[in-house]
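**Student:** First the structure, then my questions, so here it is.
Derivation of every value follows stated rules applied to the coordinates shown; laboratory data play no part. Just so it is clear, the model here is predicted, and its values are computed rather than measured. Cβ: placed from backbone, ideal geometry, glycine included. Neighbour counts: every protein chain shown.
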Amino acid sequence: MNDLTTILSSAMRLTAPLAFAGAGEQVAERSGTLNISIEAMMLAGAFFGLLGTSIFGNVAVGFVVGAAAGLAVAVIHANFSHRLNANTFVVGLTLNVLLLGLTSFLDETIDMTPHQAGVIRIPVLRSIPVIGEPLFVNRWPMYLLVVVLPLSYWLVQRTRWGLEVRASGEDPQAADVTGIDVNKRRRQSLYYCGLLAGLGGAYLAIAEVGTFNQNMTAGRGFLVNSAVIFGGWTLKGTMGGCFLFGAADALRLALPALGYTITPQLLIMAPYLLAILAMLFFASRNRKPAALAVAFERGIT
Amino acid sequence: MSKLVGLFSGAVSGGRGRRVGLYVVLYALAILAALALSALLVVLATDASPWSVFKAMYDGSLRDGAAFGLSLDEATPLLVVALGTILATRCGIINIGQEGQLIIGATFATWVALEFPGGGFPAIAATMLVAALGGALWAGIAAVLRFTRKVDVVISTLLMNFIAAEVVSFAVNRAYLLRETSVGGQLTVPQSDRIPENTRLPRIGHFPDFNVSTGVFLAIVLTAVIAVVVVRTRWGFRLRMLGMNPMAAASAGVSVAAVGATALILSGAFAGVAGGVMLTGTAFRLQPGFSQSVGYDGLLVALIARGSPIACVPVAFFFGVLRAGGGFLASTGVPRYLVNIVQSLLVLAALFPPVFLGLRERRKQLARARAAARMSDASVDTELVPA
């Protein structure tokens, strides 16, 4: 029982960065951007989040700086691919290389002091057996999710802006005819994704680890892509995917310590395999936005 | 009307010289900006001077024969990956799984190179063929998913990259698969044995002078083949038709599934061959992280070259120069990551002028079309008024 609580706590901690970024990426994909620069956004959030914390001595400020760094990456990506119409994969891949290089380079040349966010222990609720500790004893930035997730849902499903975003992802030509500025909506949803991915990266660095390591996201950005696919482009499904992948990661770390032998490669590849299987078997339910990864260019009339 | 046509052709022919000039200026400005940003970073964050950094990169990539050969060696697999990618992009399929296809190809190739009896040319040929087979197989999975279950190629190929990395990690971690054999009870690391000397691609020239792996000739031959195939053959024409309008192609009798799947599988085969070239030409053994992002960079080369096989050659060489030059950075005390920064800033810089001018051109056309529409409206009005 105790082991289960430990694994669940660890799973929550590993899920949180994915959940922040996943909530953002889900919005971006609904608008029609298959954003593969989340990795870059998260790395930026992690490094500059810690840098901000280290300069101002305050974790909250660090989170703001981290989100801003993620946003900065998104601004470059969005304007190159949804204003200048450059190929989104070229821009995304290039930004991944750029941010991996930049953060590793600066990490070797700048000294930063380690910082970590404080733990919140919610009284009473924390003593619920099994799930009490994983859910109610966490570093405080985890509870930003309580705001971020409903906000993301409300934005996409309950506002006019969200309707326009979804229209841009499903049928950009039709959306354009009704007067929606498709590329603007795509840029804006990418900005939102950048903010949240920056928060996710910052969570990784200043909430859980306390320091920055080169390439510390280690492919988590692509994991987020898989989670959105696995979740059938819904927020609920995406979060389910994030938790499943976080739990797989937690198991990979915990099982050897508990005396089980496992094939680590199988657990690492499991999320990607699950995402493909989800597309194979739930294709009718998990329908992708029709214009996902299709650039939009207005006709000349 | 004829006056209008004259106006148009005049604008086009008179504008060409100016447009080329504008291109050159924009490229120069964008590249200068990228280099200036990199230099600024060096000045702000390190003790080295930007000049010494650029000189080190030049020394490592272009200064003498040996360095030049190194750049060519780095460019070779990039070019091969890019050529395959072009087949897919031409027919509108976005394969972003070259990284995975390359490393699976290299894994298959390692197995053949280690097991093939004898060595020499037959061994190398077999290694390359099986490398192609490995890459084709990995892309084939995506093709089957696409054309039987409608799973998006972009998504499946992206996801398969990460699965491939774990497959390779699994293979080099198992003694009964590819993990190196222990000599005299020594500890082994997760990597394959080195492939025997006689299964490596021969080199031309010797170290202090110009020397290069013969893989580069393979890449050049493949470039010529692809350049002819996509422009001069019926199959190449079908590819292009499919890319431009799949519905029109289908009604003209092109089998969307057959042509598309072949293109995707071939692009995987090319990525696999690139893995084989890396194995037999420079790396000689399989390790986790073997691919060093060559798959992703090769994809970038193809996308920057905008589907032209010939344009891939200089772009791949440019990437090769940066990769080779980066190896020399360590000597200046600047973290080698700088080369990633320089490379990606240069890619963004190279991206900027064509898309910017394209946008400008479109805006102009739009304005012209609107003006023409207004003019014809006006003429209709004047005709109507007397009646």
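**Student:** Can you list the HN-Hα couplings for segment B:132-138, worked out from phi with the Karplus curve (6.51, -1.76, 1.60; θ = phi - 60°), rounded to whole Hz and with x for Gly and Pro?
**Tutor:** Once θ is set to phi - 60°, the couplings for segment B:132-138 become 4, 4, x, x, 5, 4, 5 Hz.
**Student:** Continuing with this model, one more query. Between A:Q116 and A:A174, take the C-beta separation as r, use R0 = 60 Å, and let me know the FRET efficiency to the nearest 0.05.
**Tutor:** Rounded to the nearest 0.05, the efficiency is 0.75.
**Student:** Between rounded, prolate and oblate, where does chain B land on the alpha carbon gyration tensor, with a ≥ b ≥ c its root eigenvalues, rounded for a/c under 1.5, else prolate if a/b exceeds b/c?
**Tutor:** oblate
**Student:** If you fit an axis through the alpha-carbon atoms of helix B:338-384 and take the longest principal axis of the Cα set of chain B, what angle between them do you get, 0 to 90°, nearest 10?
**Tutor:** For B:338-384 against chain B, the angle is about 20 degrees.
**Student:** Would you mind ranking B:T223, B:T199 by Cβ crowding within 10 Å, fewest neighbours first?
**Tutor:** B:T223, B:T199
**Student:** Still on this structure, I have one more. For n ≥ 4 DSSP H runs only, could you compute -39500 (n - 2.57) per run for chain A, divide by its residues and tell me the 222 nm figure to the nearest 500?
**Tutor:** Helices in chain A give a 222 nm mean residue ellipticity of -22000 deg cm²/dmol.
**Student:** Extending each Cα 7 Å along its Cβ direction at B:L40 and B:E197, get the distance between those two points in nm, one decimal.
**Tutor:** Those two pseudo-labels are separated by 5.3 nm.
**Student:** Given contacts defined as C-alpha pairs under 8 Å and at least six residues apart, what's the relative contact order of chain B, whole-number percent?
**Tutor:** 32 percent
**Student:** To continue, here is another question. Inside 10 Å of the C-beta atoms of A:105-116, what's the mean count of C-beta atoms belonging to other chains?
**Tutor:** Mean shielding count: 3.
**Student:** Hey, fewest Cβ within 10 Å first, where do B:R200, B:R374 land in order?
**Tutor:** With the sparsest Cβ surroundings first, the list reads B:R374, B:R200.
**Student:** On a C-alpha basis, how far is the centre of segment B:144-161 from the centre of segment A:1-76 in Å? Whole number, if you could?
**Tutor:** 28 Å
**Student:** While we're looking at this one, here's another question. Collect residues whose amide H, placed 1.01 Å from N in the peptide plane, falls under 5 Å from the amide H of A:I120; neighbours closer than 5 in sequence don't count.
**Tutor:** Residues meeting the amide H criterion: A:N138, A:R139, A:W140.
**Student:** Along Cα→Cβ, 7 Å out, is where each label goes; now give me the distance between the ones at A:F282 and B:R240 in nm to one decimal.
**Tutor:** That separation, rounded to one decimal, is 4.3 nm.
**Student:** Also: How high is the FRET efficiency from A:D181 to B:T148, r the C-beta distance, R0 51 Å, rounded to 0.05?
**Tutor:** Approximately 0.85, to the nearest 0.05.
**Student:** Among A:23-31, A:258-266, how do they line up by average Cβ neighbours within 10 Å per residue, starting with the highest?
**Tutor:** Averaged packing, sorted descending, gives the order A:23-31, A:258-266.
**Student:** Given the -39500 (n - 2.57) contribution per DSSP H run of 4+ residues, what per-residue ellipticity at 222 nm results for chain B, rounded to the nearest 500 deg cm²/dmol?
**Tutor:** After summing the helix terms and dividing by residue count, I get -25500 deg cm²/dmol.
**Student:** Related question: Using each residue's phi in segment B:100-108, evaluate 6.51 cos²θ - 1.76 cosθ + 1.60 at θ = phi - 60° and report the 3J(HN,Hα) Karplus result to the nearest Hz, with x for Gly and Pro.
**Tutor:** Result, rounded to whole Hz: x, 4, 5, 6, 5, x, 5, 5, 4.
**Student:** Let me ask something else. Shape verdict for segment B:187-289, please, from the Cα gyration tensor: rounded (a/c under 1.5), prolate (a/b greater than b/c) or oblate.
**Tutor:** Since a/c reaches 1.5 but b/c is at least a/b, the shape of segment B:187-289 is classed as oblate.
**Student:** Taking 0.36 nm per residue of separation and subtracting the Cα-Cα distance, what length does fully extending A:A295 through A:L135 add?
**Tutor:** Length gained, A:A295 through A:L135: 53.5 nm.
**Student:** Which net charge results for the neighbourhood of A:L100, defined as the other residues with beta-carbon distances under 11 angstrom from its beta-carbon, given Lys and Arg at +1 and Asp and Glu at -1?
**Tutor:** -2
**Student:** According to a simple spin-label model (label point 7 Å from Cα along Cα-to-Cβ), what is the distance in nm between B:V183 and A:T261?
**Tutor:** Between A:T261 and B:V183, the label points sit 2.8 nm apart.
**Student:** Sort A:149-158, A:39-48, A:56-65, B:23-32 for me by packing, meaning the mean count of neighbouring Cβ atoms within 10 Å per residue, highest on top.
**Tutor:** Packing proxy ranking, top to bottom: A:39-48, A:56-65, A:149-158, B:23-32.
**Student:** Determine the dipole magnitude for the protein assembly as shown: charges of +1 sit on the beta-carbon of Lys and Arg, -1 on that of Asp and Glu, nothing else is charged, the reference point is the Cα centre, and the result goes in debye to the nearest 20.
**Tutor:** So the magnitude is around 1920 debye.
**Student:** Still on this structure, please answer the following. Pull up all non-local amide H partners of A:A291: gap of 5 or more, or a different chain, and H-to-H distance under 5 Å with H placed in the peptide plane.
**Tutor:** A:E170
**Student:** Right, here's the next one. When the Karplus curve 6.51 cos²θ - 1.76 cosθ + 1.60 is applied with θ = phi - 60°, which whole-Hz ³J(HN,Hα) does each residue of segment A:13-27 get, with x for Gly and Pro?
**Tutor:** Calculated HN-Hα couplings, in order: 5, 7, 7, 3, x, 5, 5, 4, 5, x, 4, x, 5, 4, 5 Hz.
**Student:** Per residue of A:77-84, what is the mean number of Cβ atoms on other protein chains within 10 angstrom of that residue's Cβ?
**Tutor:** Mean shielding by partner chains, rounded to a whole number: 2.
**Student:** Turning to a different aspect of this structure: Could you state the angle between the C-alpha long axis of helix A:220-230 and the longest principal axis of the C-alpha atoms of chain A, as a value from 0 to 90 degrees rounded to the nearest 10?
**Tutor:** 70 degrees
**Student:** Separate question: If the cut-off is 27 Å between C-alpha atoms, which lysines fall inside it for A:K288, apart from same-chain ones fewer than 8 positions away?
**Tutor:** Straight-line reach from A:K288, under 27 Å: A:K184, A:K236, B:K150.
**Student:** For a test of the definition: using alpha carbon positions, the gyration tensor, and the 1.5 limit on a/c, classify segment B:72-198 as rounded, prolate or oblate.
**Tutor:** Here segment B:72-198 falls in the prolate category.
**Student:** Still on this structure: Output the peptides B:166-176, B:261-271, B:206-216 sorted from most to least packed, where packing is the average of other Cβ atoms within 10 Å over each peptide's residues.
**Tutor:** B:261-271, B:166-176, B:206-216
**Student:** Provide A:R298, B:R90, A:R187, B:R336 in ascending order of the number of other Cβ atoms located within 10 Å of each residue's Cβ, fewest first.
**Tutor:** Going from sparsest to densest Cβ surroundings: A:R298, B:R336, A:R187, B:R90.
**Student:** How much net charge surrounds B:V254 when only the other residues with a Cβ under 15 Å from the Cβ of B:V254 are counted, with Lys and Arg +1 and Asp and Glu -1?
**Tutor:** Residues close to B:V254 contribute a combined charge of +4.
**Student:** I would also like to ask the following. Plugging the Kirkwood radius over Cα pairs into Stokes-Einstein for segment B:245-314, at a temperature of 25 °C and a viscosity of 0.890 mPa s, what D comes out in µm²/s?
**Tutor:** This corresponds to a translational diffusion coefficient of 170 µm²/s.
**Student:** Additional query: What average number of partner chain Cβ atoms lie no more than 10 Å from the Cβ of the residues making up A:263-273?
**Tutor:** Across A:263-273, the average partner-chain Cβ count within 10 Å equals 5.
**Student:** Please work out the Cα center distance from segment B:298-319 to segment B:230-253, rounded to the nearest Å.
**Tutor:** So the separation of the two Cα centres works out to 22 Å.
**Student:** Rounded to the nearest 0.05, what FRET efficiency do B:F207 and B:F121 have when you use their Cβ-Cβ distance and R0 = 30 Å?
**Tutor:** 0.80
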